[in-house]
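Shown next, in structure tokens, is the structure this report addresses.
Just so you know, all these numbers are worked out from the coordinates, no wet-lab data involved. Here the structure is a predicted model, which means the values were calculated and not measured. Ideal geometry is used to build each Cβ from the backbone, glycine not excepted, and the neighbour counts take in all protein chains shown.
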Amino acid sequence: MDMPSLEESVQEHLKHNITVNLLDGAFYGFGWGFGSVGTIVTLFVSRMTHSAILIGLIPAIHAVGWQLPQLFMANSVARLRRYKPMVMWMTIHERLPFLALGVVALFMTALGNKAALILTFIILIWQGLGAGFTANAWQSMIAKIIPSDWRGTFFGAQAGLSNVLISVAAIAAGVILDRVHDPLNFAICFSLTIVGMGLSLFFVGLTREPVDNEKVIPTRQASPWKGGLEILRSDRNFSAFLVIRLLAQFATMGFAFYIVYGLERFGMSDLTAGLLTAALTITQTVANAVMGWLGDRLGHRAMLIAGSVAVTLSSLMAWGAPSLNWMYLVFILSGLANVAYWTIGMAITVEFGTEETRPTYIGLSNTLVAPFTIIAPLLGGWIADSAGFQTTFMISAVGGLVIAGLLFWLVRDPRPRRWKTRITEVQGN
């Protein structure tokens, strides 16, 4: 009896793998809602320092930690016939740090603010790098077990479920922070983060990944930088896509200032700020599922173009908003753009290259973007301080338009969509 091919094994376990990995994303989101770097961790650090620079570093550490290591992991990942063991080992280091944060919170009074602050930033670096060292293997595993014409739908549905659970957990975290005294409230939140992420890890462990015996693994392998340089030279489509990912960091730099702009220009209340955040979350929840599904049928490039147009419209509306009510549309459009650049960007990235070269493509598309992830918001802040928020918004608007044009003229989908393939087959008959 012949052994099933890799493709046959993938199809056999497809429903199971989609289910358990959707649950992975859902419970990861639940945990993240209690320990979000952008909100809960920021509030925790603000109890120890009022330094805007240190507080501003928190999301940057996470973003760069996710992006920077991915190319360095490319060769190790490319040599694997199963990615899941590496994912299971590495992902511990993006989850366990929240337990350490809980311990710091519990003993913060005894430690003192200075020692607690130093430990917190060491833990945040650990967590960010843990996510980054996991990311290449995890994306490679998902690309292997989820066929190309399902990936956009999967990534969108997973992100949508995650957003829903993040919202639920964030509300619960707000109640805990309000009703329980410092620092026990943060210790409870970080403990609940571990619970959510532990359940998430359990479902990752249920993934059925077949061994890839068809994959050709070279006896000698060039450094990821040398291999990456060769890809950039030979694959012009990917090189153009990579340039667009870099430019996207600058096109969206105005998004970070929408709340502050609303407060300064319109005297926005805390309640309205919360409603705007809710509008953003709801938009991203719905858009993740819809844009992922459409991307599988119309092409992910089309969704990236739509997201770039949303960047332009959102920035223009922020620039010329005559009243606070316009900010709801500004946030909704920014939510569409975020989904396009994050969820759809991840879906299209894993379609470049072969099973052997995909880890290097993933590494390039993240590691090379990492420096610009820090530079762009710093530049946006400098422009806002020097020339006003509206100048930043106008630059973002132009950036979105430029990216839309570059996507249209220079980039094509790495793999044909299902409907395109069927049309070709019909015409051939």
Q) Under the Karplus relation 6.51 cos²θ - 1.76 cosθ + 1.60, θ = phi - 60°, what is the ordered set of whole-Hz ³J(HN,Hα) values for region 366-372, x standing for Gly and Pro? A) 10, 4, 6, 7, 3, x, 6
Q: Go ahead and estimate [θ] at 222 nm for the chain from helices alone: -39,500 (n - 2.57) per DSSP H run with n ≥ 4, summed, over the residue count, rounded to 500.
A: -26000 deg cm²/dmol
**Q.** Taking the C-alpha atoms of region 311-403, convex hull volume expressed per residue in Å³
**A.** 92
Q: Would you kindly compute the Cα radius of gyration of region 223-421 and its largest Cα-Cα separation (Dmax), both in Å?
A: 17.6, 54
Q | For region 130-284, average projected area of the Cα convex hull in nm² | A | 14.2
Q) In cubic angstrom, how much convex hull volume per residue do the alpha carbon atoms of region 111-212 span? A) 120
Q.
I need Arg415, Arg236, Arg301, Arg358 ordered by Cβ neighbour count within 10 Å, fewest first.
A. Arg236, Arg415, Arg301, Arg358
Q: For region 323-369 and region 114-172, compute the distance between their C-alpha centroids and round to whole Å.
A: 14
Q: Mind giving me the FRET efficiency for Arg265 and Arg415? R0 is 51 Å, r the Cβ-Cβ distance, nearest 0.05 is fine.
A: 0.70
Q: Specify the residue with the greatest mean-square fluctuation among Thr109, Thr281, Thr120, computed from a Gaussian network of the chain linking alpha-carbon atoms under 10 Å apart.
A: Thr109
Q) Quick one: Val195, Val369, fewest Cβ neighbours within 10 Å first, how do they rank? A) Val195, Val369
Q. Averaged over all directions, how much area does the convex hull of the C-alpha atoms of region 25-128 cover when projected, in nm²?
A. 7.3
Q.
Taking each pair of distinct Cα atoms in the chain once, what is the resulting Kirkwood hydrodynamic radius in Å?
A. 22.5
Q | Student exercise, region 223-421 dipole from Lys, Arg, Asp, Glu Cβ charges, in Debye to nearest 20 | A | 600
Q: Among Met86, Met108, rank each residue by its count of other Cβ atoms within 10 Å, from fewest to most, as a rough exposure measure.
A: Met86, Met108
Q: Could you work out which residue, out of Asn325, Asn163, Asn338, moves most in a Gaussian network model of the chain, that is, has the largest mean-square fluctuation with Cα springs under 10 Å?
A: Asn325
Q: Any chance you could list the semi-axes, whole Å, largest first, of the equivalent ellipsoid that the Cα gyration tensor gives for region 232-347, using √(5λ)?
A: 29, 16, 10
Q: Would you kindly work out the equivalent ellipsoid of region 223-285 from its C-alpha gyration tensor and give its semi-axes, the square roots of five times the eigenvalues, largest first in whole Å?
A: 40, 13, 9
**Q.** Principal axes of region 1-207: Cα extent on each, largest first, Å
**A.** 66, 34, 25
Q: For the chain, set up a Gaussian network in which alpha carbons nearer than 10 Å are linked by springs, and say which option among Glu12, Glu351, Glu264 fluctuates the most.
A: Glu264
